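The values are calculated or read from the model by the stated rules, or taken from the named source; none is laboratory data. Treat the numbers as computed from the prediction; the structure is a model and nothing was measured. Cβ sites come from the backbone with ideal geometry, for glycine too, and all protein chains shown count toward neighbours.
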């Protein structure tokens, strides 16, 4: 007796599902990394962070995990930077006469953004602390779409600083553009382009980018010091965290110094020397 077509369909479906369930689990990390790169390309940074976390957790490929780690550190550092800039804008705006009737809103937004910046910065610093002992002369390779950046001050951020109230849509658009700009800044630094974001874009558009471990830790240390100024008394006045930032960077620079001893670079050595002096001055001032 011939089998009904529906039964044949169900049997075929079972075969397909069984085949899928037997697929190598190692491909999950690759899939998540591909998704993360697509998220970064579309500026969906929260999704990118989740997928980079997944890649680091699930991939057995050391090269893939290293790429994910480098990109994750770049991203959380950039998010700390962008949130700090938004917090600073609202803090300045709260003091402007134009914000007189909305001072509470400005202070609340500033506090929220500072809280986010604090969390991202501590995350980034811990990630570097976990990786710095593994750095050696071997370059790290990353390949990612360079973020769309804009030059000059963001007009919406300028409004906020002047005390002008902006709606959520405009605020979130400004936040997103600061995220892009900050990530572009970090990635350009990794590629050795320093402040030249156009050069950074050219380097990443050409394909795989070789990241010098010496440059990697120096650039991040510079970023941490710059963002960490928010903890000074002119910012949110959290001296313990300000000291922590400087201590972490000071220890990072010890690693950088060892790497530079094996392979000297005058420009990098000069940057390290200046940052070391700044850190030591801060640590002495704060009693560390």
Being within 17 Å of residue 121 (Cα to Cα) and either surrounded by fewer than 21 Cβ atoms within 10 Å (Cβ to Cβ) or modelled with pLDDT under 95 (or both), is that true of even one residue in the stretch 54-67? no
Listed by range, helices (runs of 4 or more DSSP H) wholly within the stretch 31-145 having at least 1 residues that are over 16 Å from residue 175 (Cβ atoms) and touching a strand residue (DSSP E or B) at 6+ places or on another chain (Cβ under 8 Å) are 62-94
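If I filter the stretch 262-280 for residues that are closer than 25 Å to residue 153 by Cβ, modelled with pLDDT of 95 or more and surrounded by fewer than 20 Cβ atoms within 10 Å (Cβ to Cβ), do I get at least one hit?
Here is the first cut: in the stretch 262-280, the residues closer than 25 Å to residue 153 by Cβ are none.
No, the stretch 262-280 has no match at all.
Could you grab me the full set of residues in the stretch 150-199 that are touching a strand residue (DSSP E or B) at 6+ places or on another chain (Cβ under 9 Å) and part of a helix (DSSP H, G or I)? Lay out the reasoning, then the answer.
Of the residues in the stretch 150-199, the ones touching a strand residue (DSSP E or B) at 6+ places or on another chain (Cβ under 9 Å) are 187, 190-192.
Scanning the stretch 150-199 gives 187, 190.
On the basis of being closer than 21 Å to residue 43 by Cβ, within 20 Å of the chain's Cα centre (by Cα) and surrounded by 14 or more Cβ atoms within 10 Å (Cβ to Cβ), does residue 86 make the cut? Break it down into steps so the answer makes sense when it comes.
Working: closer than 21 Å to residue 43 by Cβ: yes; within 20 Å of the chain's Cα centre (by Cα): yes; surrounded by 14 or more Cβ atoms within 10 Å (Cβ to Cβ): yes.
The answer is yes for residue 86.
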Residue within the stretch 277-284 that is in contact with a helix residue (DSSP H, G or I) (Cβ under 9 Å, 6 or more places away or on another chain), in contact (Cβ under 8 Å) with a residue 40 or more places away in the chain, under 29 Å from residue 63 (Cα atoms) and not in a loop (DSSP other than H, G, I, E, B) present: no
